[in-house]
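The values are calculated or read from the model by the stated rules, or taken from the named source; none is laboratory data. Everything numeric in this text was worked out from a predicted model, so none of it was measured. Don't worry about glycine lacking a Cβ; one is built from the backbone with ideal geometry, like all the others, and counts go over all protein chains shown. For the accessible areas, the whole protein counts, side chains as well, though only heavy atoms, and no ligand, DNA or RNA atoms are used. Shrake-Rupley method; radii C 1.70, N 1.55, O 1.52, S 1.80 Å.
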Amino acid sequence: MGETAAPPVARGGFGGRFAVILSGELIQSLFHFALNIALVRILSQHDYGLFAIVFTGGAVGLAYIRALVAVPATLHIARSLGRPAERGYDVVFGSGALALCLGMAALALALLIPVMGVAGALGAGAFVALYAFRSYLRLVLLARKSARIAGMSDGVYAGVGLTLTLAILYAGDASALDHAFLALAFAHACGIVVSYVALRQPLRITLRRSLWRRYVGLWRTLLWSLTGVTSMIVQGQGLTLAFAAIVGPAAYAPIAATLVLFAPLRIPTNALVNMVLAEVTGLLATGQARQADRIVVRSTAVIALGCLVYGAAMWFALPLIEQVLFKGRFGQEPMAWIGLGIWAVTTISLLYAIPRTYLEASAAFRSIAWGAIGAALLGFSIMIPMLLSLPSHTALLGLIASELASCLWYVLNFRRLARRADGAVLAAAAIVSEAEAPREGDPAAPARTGLRNGRAPVRT
């Protein structure tokens with residue numbers, strides 16, 4: 001017997017789904033901004049620094065969740081949408097995500113108990129695990145064309161989190177840090193529960209040996225995906241941290257403050273990246289390569305236009321911002337050139353976000369890894385000597401060179417893959433995907449497939 005079909009979900013077009021996801025990203029970002037402002041006012045400098053470190057660690061965990069389970073799940077689920085294999089993949093990758101999240105929670109617990117005590121570390125560990133799992137679930141919902149459910153989860157998370165944050169502010173007790181992590185964990189849990197309730201499907205997992213055998217069978221893909229995300233973290237955050245460590249906090253402060261001013265550009269880009277991954281994967285799986293190419297080109301053009309408009313506005317507004325928001329404390333710094341450098345770094349990094357997503361949809365994880373490794377080496381080789389011999393802001397050229405190398409690499413690989421995305425290759429990929437599809441009762445068992453009229457087989 002086939003599996004009971006999921007309830008109908010209002011899916012809409014690409015633009016409608018993007019609007020829903022963008023609104024969710026904006027709601028979450030506004031909540032996180034308000035939360036940071038609130039906590040910096042009530043926590044000690046040490047406690048707020050600890051909160052920021054744990055939150056950053058959680059964000060790094062999201063990158064690994066995305067690489068090891070969320071992107072592979074998106075690739076398989078989007079190709080199997082509407083077939084029995086879809087639910088099998090959901091069980092396999094959902095179980096992997098849960099195991100990985102529990103491992104993150106255990107690591108956070110071990111690292112934070114000496115610093116925060118058992119109670120605080122438990123709250124922080126729960127936050128890290130639930131934060132990561134809800135991130136995985138959001139991408140899976142997009143792969144299943146359930147953007148409205150993902151947006152609903154974002155709204156519930158932000159609403160519950162804001163309510164509990166206000167309660168913490170009102171209480172004003174000495175355990176505000178511990179309570180903040182518990183509030184965030186509970187808010188993420190509410191978002192997860194709402195998602196499954198809206199889907200009308202239970203959370204199904206398996207920890208049988210068949211699950212681990214299946215992951216062992218995917219070790220090459222997962223290894224390159226892991227290498228790629230580690231290299232991208234080194235190329236991005238690693239270069240920035242090295243910059244800050246060498247020049248020192250005082251010299252880094254104007255650059256860090258300017259980075260915050262350009263952070264809003266990443267909110268719509270992140271929403272667009274999540275949408276494009278699921279959309280392009282589905283289009284490639286059905287042989288609609290030209291439509292997938294158009295989405296990549298048009299999305300990149302929209303990002304470029306947004307960056308140009310935002311950069312022009314900041315060029316004129318930065319002197320006023322420096323005087324009012326920064327209270328003139330960076331008056332002796334070349335803020336115009338720093339702003340131009342940060343705009344260049346941000347713009348170039350956002351321009352290759354969509355082509356890189358196309359590579360992920362094509363499972364080209366090896367190309368992603370090599371691109372990130374080469375860009376990181378180039379950035380370090382330029383930035384470090386400049387930091388040791390020239391004013392600190394000139395070393396932004398190293399960051400720009402690293403991002404430019406990444407952009408060129410991903411764009412060239414996108415064009416190469418787009419030219420090769422013909423019907424025969426796509427049909428072969430679909431056959432391989434279907435042959436490896438897990439059955440509902442046993443996630444590791446391959447399904448039997450055949451070839452009909454040159455197309456991917458149909459499960460019955």
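Couple of notes before you dig in:
- The residues neighbouring THR240, those whose beta-carbon lies less than 15 Å from its own, together hold a net charge of 0 under the Lys/Arg +1, Asp/Glu -1 convention.
- Vicinal HN-Hα couplings computed from phi for region 354-369 (Karplus, 6.51 cos²θ - 1.76 cosθ + 1.60; Hz; Gly/Pro x): 6, x, 5, 5, 4, 5, 5, 5, 8, 6, 8, 5, 5, 5, 4, 5
- Here the Kirkwood formula puts the hydrodynamic radius of region 106-157 at 12.3 Å, using every distinct Cα pair.
- Region 320-422, accessible area per residue, ligands and nucleic acids excluded (1.4 Å, Å²): 47 Å²
- Accessible surface of TRP315 - all protein chains present, 1.4 Å probe, nearest 10 Å²: 130 Å²
- Within the accessible area of region 16-75, the carbon and sulfur atoms contribute 71%, probe 1.4 Å, all protein chains present.
- Element breakdown for region 267-364 at a 1.4 angstrom probe: carbon and sulfur atoms account for 65% of the accessible area.
- Relative packing of 27-37, 281-291, which averages over residues the other C-beta atoms within 10 Å, highest first: 281-291, 27-37
- Charge tally in the Cβ shell below 14 Å around MET104, where Lys, Arg are +1 and Asp, Glu are -1, MET104 excluded: +2
- Packing here is the average count of other Cβ atoms within 10 Å per residue, and on that basis the peptides 341-351, 108-118, highest first, run 341-351, 108-118.
- Per-residue SASA entry for CYS407, accessible area with 1.4 Å probe, Å² rounded to 10: 20 Å²
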